[in-house]
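K.L.:
One structure follows; several queries about it will come next.
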């Protein structure tokens, strides 16, 4: 199994540009999520999905959109990039969300710089 | 609201010395606690977790953590660290937010091992 994969690894954008961060998992996990990691702030949840066709907002959803058309893929879209979105983005998945006991599996991350 | 506080942003230690990384939590629901580790330029990996039962949980690489309900703590310890333990460590707690179960992460503790 490849686990959780993310592309691209690095990206530089200009303010106002749009882009999509890709995330895929081959473990047949129901739950997928996107986090951003900023120095001194840990990981903050952007959006999550409990299954295909179901998404919801996390702690910091503004400026980001998601969709979940298949179990495997969970892309994150930046509609109009801003310097405040400079961060490292992690996608994660877990088998289910029942009980909150599930181990989350993280991708390697995408480093985004917005100029 | 559920939250996690990691009391030290950086912990430098010498190789083969003991280390403790501190984590305090607040939770109004049944407590599930996790420690994740992030090696340089990688995603997060589960190190260990407490769900129920014995309050002392151990990882395969010599780390252990003890759930202390009275002190609302889940400190991570290792009796003798190795250079390869250099990483950032995140404590996390299961939270119920808007009726859904999520992980809330602390700010992270950067462990630096000096030879």
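What follows is calculated from the coordinates using simple rules that are stated; it is not laboratory data. Since this is a predicted model, take the numbers as computed values, not measurements. Glycine also receives a Cβ, built like all others from the backbone with ideal geometry; neighbour counts cover every protein chain displayed.
K.L.:
What translational diffusion coefficient, to the nearest whole µm²/s, does the protein assembly as shown have by Stokes-Einstein, given a Kirkwood radius computed over alpha-carbon pairs, a temperature of 20 °C and 1.002 mPa s viscosity?
P.N.:
Working: Rh = 18.2 Å.
Calculated translational D: 118 µm²/s.
K.L.:
A further question follows. Write down, largest first, the equivalent ellipsoid semi-axes of the range A:44-86 in whole Å, where each equals the square root of 5 times an eigenvalue of the alpha-carbon gyration tensor. Write out the running numbers ahead of the final one.
P.N.:
On the way: eigenvalues 82, 25, 10 Å².
Over the Cα atoms of the range A:44-86, the ellipsoid semi-axes are 20, 11, 7 Å.
K.L.:
Quick one: order B:26, A:94 by neighbouring beta-carbon count within 10 Å, fewest to most.
P.N.:
Least to most surrounded, the residues fall as B:26, A:94.
K.L.:
Quick one: compute the contact order of chain B, relative version, from alpha carbon pairs under 8 angstrom and 6+ residues apart, as a percent. Mind showing how you got there, number by number?
P.N.:
On the way: 282 pairs, mean separation 42.8, N = 115.
The normalised contact order for chain B reaches 37 percent.
K.L.:
Further question: Under the classification rounded if a/c is under 1.5, otherwise prolate if a/b is larger than b/c and oblate if not, where does the range B:1-67 fall, given a ≥ b ≥ c as square roots of the Cα gyration tensor eigenvalues? If you can, show how the numbers build up before the last one.
P.N.:
Details: a/c = 1.64, a/b = 1.43, b/c = 1.14.
It is prolate, given that a/c is not under 1.5 and a/b is the larger ratio.
K.L.:
Evaluate the distance, in nm, between pseudo-label points positioned 7 Å from the Cα of residue A:96 and of residue B:7 along their respective Cα→Cβ axes.
P.N.:
3.8 nm
K.L.:
Turning to a different aspect of this structure: Name all residues of the range A:1-39 having a backbone nitrogen under 16 Å from the label point set 7 Å from the Cα of residue A:69 along its Cα→Cβ direction, giving them as ranges.
P.N.:
Of the residues in the range A:1-39, A:20-25 have backbone N under 16 Å from the label point off residue A:69.
K.L.:
Now for a separate question. Give me the inter-chain shielding for A:38-47: mean count of other chain Cβ atoms within 10 Å, whole number please.
P.N.:
On the way: counts 1, 4, 3, 4, 11, 11, 2, 6, 0, 0.
For this peptide, the per-residue mean of nearby foreign Cβ atoms is 4.
K.L.:
Which of the peptides A:73-86, A:22-35 is most tightly packed, and how do the rest follow, judged by the mean count of other Cβ atoms within 10 Å per residue? Mind dumping the intermediate values first?
P.N.:
Working: A:73-86: 16.2, A:22-35: 20.6.
By packing density, highest mean first, the sequence is A:22-35, A:73-86.
K.L.:
Restricting to Cα atoms and excluding each atom paired with itself, what does the Kirkwood estimate give for chain A in Å?
P.N.:
The Cα-based Kirkwood calculation yields 14.1 Å.
K.L.:
Given the options B:60, B:96, B:83, state which has the largest fluctuation in a GNM of chain B using a 10 Å cut-off (strictly under) for Cα springs.
P.N.:
B:60
K.L.:
Residues of B:102-111, mean number of Cβ from any other protein chain within 10 Å of their own Cβ, rounded to a whole number? Display every interim value, and only then the final one.
P.N.:
Working: counts 9, 10, 5, 7, 3, 6, 6, 0, 1, 0.
The shielding value for this peptide is 5.
K.L.:
Rule-of-thumb check for chain B: C-alpha Rg over 2.2 N^0.38 Å? Working shown, then result.
P.N.:
Values: Rg = 13.8 Å, N = 115, 2.2 N^0.38 = 13.4 Å.
So the Cα radius of gyration is 1.04 times the expected 2.2 N^0.38 Å.
K.L.:
Could you run the Debye sum over the Cα atoms of the range B:64-113, one equal point scatterer each and no solvent, and tell me log10 of I(q)/I(0) at q = 0.21, 0.23, 0.29 Å⁻¹, two decimals?
P.N.:
Calculated log10 I(q)/I(0) at the listed q: -0.90, -0.98, -1.15.
K.L.:
Additional query: For peptide B:43-52, compute the average count of partner chain beta-carbon atoms within 10 Å of each residue's beta-carbon.
P.N.:
On the way: counts 15, 10, 4, 5, 0, 0, 3, 0, 3, 1.
Across the residues of B:43-52, the mean count of other-chain Cβ atoms within 10 Å is 4.
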